[in-house]
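Visitor: The structure that follows is given in the form of structure tokens.
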Amino acid sequence: MTEQSLTGHSIIAGQTVTGRGGTASGVNPATGENLEPEYSLLDTTQLAAATAAAQDAYASFSTLDPETHASFLERIADNIEAAGPALVERAMAETGLPEARITGERARTTGQLRLFASVVRQGDFRGVRVDPAMPGRTPLPRADIRQRKIPVGPVAVFGASNFPLAFSTAGGDTASALAAGCPVIVKAHNAHPGTGEITGRAITDAVRDLGLHPGVFSLVYGPGAVIGQALATDPAVKAVGFTGSRSGGMALVTAAANRPEPIPVYAEMSSINPVFVFEGALADDAEALGSAYVTSVTGSSGQLCTAPGLLFAPAGAAGDRFVAAVEQAVKAAAGQTMLTQGIAASWQEGVTTLAGEAGVELLAAGTEGSTLNAPAPSIFSTDAETFLANDALQAEIFGAASLVIRYSSAGELADAVESMEGQLTASLHLAEADYPAARELLPVLERRVGRILVNGWPTGVEVGHAMVHGGPFPATSDGRSTSVGTLAVDRFLRPVAYQNIPDALLPIPLQQDNPWKLNRLVDGTMEYAGGNA
């Protein structure tokens, strides 16, 4: 889809719908230029058509056979790739992100769709359990009880500003909800509307090509607060996936909790991702480690939910070498275009506030970029005592800024972790000599974060079976879940038990002859089917 063929309107159950709630335009953040076309915004009455269509689609989509279901996800991936350069160019224009970043994000988007297709074919996410009847058991017989997980119902997904592909229209929340068998209504992010429409057309075409109910997918444009609240409170919607600000996420959590029927909101919101550098890690090349830290802070203009907002470096000569390397690397860094003027302004406000805190100094700053909204990366410094005495130093600054804290003992690290809110990640840089100190810190970190890394940087999230991209509040609204990796599908499922149901009436996954060849837990022992039909 070229820029000329973009409609500027919502897609409701396969149909283009002109909104009656005003208009909005994408903006090139590097130039300030408004991008065509202008997008019409739905009002809440029009939105109800999308949620009603999703509700109508649930019965057929939630019971789809594995092969058709998996093929649908693969077709979406194929269609996104078929969009070609037009998708990449539009995403670059709307976000200011470079071509390599957008191309890599597109590959991640299609890769996770295909990964979920493999999950659907394999079928373990259905959670089939069978406790066979024991009519002769004493003192009481046992009934035949079978369990499976079913899709919760239509899911509302909110696109993220910082990932126009991988966390937006066809991103992880959408992919995992569709894999679970839930129809999806995506609230497009108004900062990249054209990217959303191109991707939305790829999904809509896949729905049509596979002969599915058109209500399986809708893409809606609208004022964030109005349409967001309407989606979260619509009776047809049974769960919400969100990536964005803490204020936006909590508004959805509150709205969903106050419904007559409360529903779960899986919101990824706020994280400062502390990094802990131990003495032994600095013995070989403190300079290289300092440079790598700055690269992690400044990548994508620091607009990554896993960017390291805090780094703890030891006091002493080795720590001094590390800090000197950080200072040198920051001074050599130029600002990159931020996603929107508003995000750039929020970054500046956060940096100004941090600079004004007692005991905090500007370690070094880079230079402003050559475009609009490209502020100079900034690294600040303080000591552990100051950090522990001032909760304001833990405020997230979304962008290329970070705070280095010099510490004198491992005990200060444990105290610092205990003082923190929940985080997506924590990173430890260490050598074998540091294992005793790290061993003491790990149990404390487990209570605060969703992913712990050793000798790596948190920016860059592998999409796989073991990944956790989540964490205790406020990193996410529900620390028991992940928004990246195949475990993400569990958010949109719930268990149902079937007792003494005749085989002819059982859902296909629970039938005695196992038509879909699913692995099943039978009387507490896993029975492997050896593949799917």
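Visitor: Largest first and to the nearest Å, give the Cα extent of region 201-335 along each principal axis.
Guide: Result, largest extent first: 64, 38, 26 Å.
Visitor: Given a Förster distance of 51 Å, report the FRET efficiency between LYS331 and THR16 from their Cβ-Cβ distance, rounded to the nearest 0.05.
Guide: Numbers: r = 51 Å, r/R0 = 0.99.
It comes to 0.50.
Visitor: With unit charges on the beta carbons (Lys and Arg positive, Asp and Glu negative) and the dipole taken about the Cα centre of region 224-382, which residue among ILE272, GLY290, THR340 sits farthest to the positive side?
Guide: THR340
Visitor: Hey, got the dipole for the chain? About the Cα centre, +1 on K and R Cβ, -1 on D and E Cβ, debye to the nearest 20? It would help to have the intermediate numbers written out before the result.
Guide: Values: 33 positive and 54 negative charges, 364 e Å.
Charge dipole of the chain: 1760 debye, to the nearest 20.
Visitor: Could you work out Rg/(2.2 N^0.38 Å) for region 343-483, with Rg from alpha carbons only?
Guide: On the way: Rg = 16.4 Å, N = 141, 2.2 N^0.38 = 14.4 Å.
Ratio of Rg to 2.2 N^0.38 Å for region 343-483: 1.14.
Visitor: May I ask you to give the percent of accessible area on region 351-490 that is carbon plus sulfur, with a probe radius of 1.4 Å? It would help to have the intermediate numbers written out before the result.
Guide: Numbers: 3100 of 6070 Å².
It is 51 percent, rounded to a whole number.
Visitor: Something else now. Rounded to the nearest percent, how much of the accessible area of region 16-77 (1.4 Å probe, protein heavy atoms only) is carbon and sulfur? Working shown, then result.
Guide: Numbers: 1240 of 2580 Å².
Answer for region 16-77: carbon and sulfur cover 48 percent of the accessible area.
Visitor: Each residue of region 25-35 in order: what ³J(HN,Hα) in whole Hz does its phi give by Karplus 6.51 cos²θ - 1.76 cosθ + 1.60, θ = phi - 60°, with x for Gly and Pro?
Guide: Along region 25-35, the couplings run 10, x, 10, 6, x, 7, 10, x, 6, 6, 9 Hz.
Visitor: I need the P(r) histogram for region 1-40: all alpha carbon pairs, bin width 5 Å from 0 out to the longest distance, whole percents.
Guide: Calculated over all Cα pairs of region 1-40, the distribution is 6, 23, 23, 25, 15, 6, 3 percent.
Visitor: Write out the trypsin sites (Lys or Arg not before Pro) in region 2-109 meeting two conditions: DSSP loop, and at most 15 other Cβ atoms within 10 Å of their Cβ. The partial results should precede the final answer.
Guide: On the way: sites: ARG20, ARG75, ARG90, ARG101, ARG106, ARG108; in loops: ARG20.
Filter output for region 2-109: ARG20.
Visitor: With only alpha-carbon pairs counted, each pair once and no self-pairs, how large is the Kirkwood hydrodynamic radius of region 47-146 in angstroms?
Guide: About 17.5 Å for region 47-146.
Visitor: Alpha carbon centre of region 353-421 versus region 204-248: separation in Å?
Guide: Region 353-421 and region 204-248 have Cα centres spaced 37 Å from each other.
Visitor: Now a separate question. Could you state the per residue volume, in Å³, of the convex hull enclosing the Cα atoms of region 439-533?
Guide: Residue-normalised Cα hull volume stands at 179 Å³.
Visitor: If R0 is 45 Å, what FRET efficiency do you get for LEU362 and ARG114 from their C-beta distance, rounded to 0.05?
Guide: Result of the calculation: an efficiency of 0.50.
Visitor: Also: Report, in debye and to the nearest 20, how large the dipole of region 65-192 comes out about its Cα centre when Lys and Arg carry +1 and Asp and Glu carry -1 on their Cβ.
Guide: With only Lys, Arg, Asp and Glu charged at Cβ, the dipole is about 600 debye.
Visitor: Could you tell me the largest-minus-smallest coordinate of the C-alpha atoms of the chain on each of the three principal axes, in descending order and whole angstroms?
Guide: Cα spread of the chain along its principal axes, largest to smallest: 74, 66, 40 Å.
Visitor: Could you bin all the Cα-Cα distances of region 86-191 into 10 Å bins starting at 0 and give me the percent of pairs in each, rounded to whole numbers?
Guide: Going out from 0 Å in 10 Å bins, region 86-191 shows 14, 31, 23, 14, 9, 6, 3, 0 percent.
Visitor: When you take every Cα atom in region 311-387, what is the radius of gyration, and what is Dmax, the widest Cα pair distance, in Å?
Guide: Expressed in Å, the Cα Rg and Dmax of region 311-387 come to 13.9, 41.
Visitor: Excluding residues on the same chain fewer than 8 positions from LYS187, give the aspartates and glutamates whose Cα lies under 18 Å from its Cα.
Guide: Partners within reach: GLU38, ASP43, GLU94, ASP173, GLU197, ASP234, GLU268.
Visitor: Sticking with this one: When only DSSP loop residues count, what GluC sites (Glu not before Pro) in region 437-489 have their Cβ near at most 13 other Cβ atoms within 10 Å?
Guide: Passing sites in region 437-489 are GLU462.
Visitor: In Å², and per residue, what accessible area does the chain have when probed at 1.4 Å with the other protein chains present?
Guide: 39 Å²
Visitor: Within region 491-533, whose backbone N sits under 14 Å from a point 7 Å along Cα→Cβ of ARG142?
Guide: The answer is 500, 521-526, whose backbone nitrogens lie closer than 14 Å to the label point.
Visitor: Hey, rough spin-label estimate for SER247 and ASP65, points 7 angstrom out along Cα→Cβ, what's it come to in nanometres?
Guide: 5.2 nm
Visitor: Using a 1.4 angstrom probe on heavy atoms only, work out the carbon and sulfur share of the accessible area of region 220-308 in %.
Guide: It is 60 percent, rounded to a whole number.
Visitor: Of LEU87, GLY215, ALA232, which is farthest towards the positive pole of the chain's charge dipole, taken about the Cα centre with +1 and -1 on the beta-carbons of Lys, Arg and Asp, Glu respectively?
Guide: GLY215
Visitor: Given R₀ = 22 Å, FRET efficiency for GLU418-GLU385 by Cβ-Cβ distance, to 0.05?
Guide: Rounded to the nearest 0.05, the efficiency is 0.90.
Visitor: Can you give me the distance in nm between label points at MET134 and TYR435, each placed 7 Å from the Cα along the Cα-to-Cβ direction?
Guide: 4.5 nm
Visitor: Could you calculate the contour length gain from GLU36 to THR103, that is, 0.36 nm times the residue separation minus the distance between their Cα atoms, to one decimal place in nm?
Guide: 21.9 nm
Visitor: Which percent of Cα-Cα pairs in region 173-277 sits in each 5 Å bin, short to long?
Guide: Computed distribution, short to long bins: 2, 11, 19, 22, 19, 12, 7, 3, 2, 1, 0.
Visitor: Which loop trypsin sites (Lys or Arg not before Pro) in region 419-470, with loop taken from DSSP, have no more than 14 other Cβ atoms within 10 angstrom of their Cβ?
Guide: ARG447
Visitor: Sticking with this one: Along the charge dipole of region 396-533, pointing to its positive end and built from +1/-1 on Cβ of Lys, Arg, Asp and Glu, which listed residue (LEU441, PRO507, ALA529) has its Cα farthest out?
Guide: So the residue furthest toward the plus end is PRO507.
Visitor: Can I ask one more? Would any residue of region 119-137 have its amide N under 11 Å from a label point 7 Å out along Cα→Cβ of MET526? List them or say none.
Guide: 124
Visitor: Two decimals is fine: what's Rg over Rh for region 1-102, C-alpha atoms, Kirkwood radius as Rh? Please list the in-between numbers first.
Guide: Working: Rg = 16.9 Å, Rh = 16.2 Å.
Checking Rg against Rh, the ratio lands at 1.04.
The values are calculated or read from the model by the stated rules, or taken from the named source; none is laboratory data. What you are looking at is a predicted structure, and each value in this text was computed from that prediction instead of being measured. Counting neighbours? That spans all protein chains shown, and the Cβs are built from the backbone with ideal geometry, glycine included. Side chains are part of the model used for accessible areas, which takes the heavy atoms of the whole protein and leaves out ligands, DNA and RNA. Shrake-Rupley method; radii C 1.70, N 1.55, O 1.52, S 1.80 Å.
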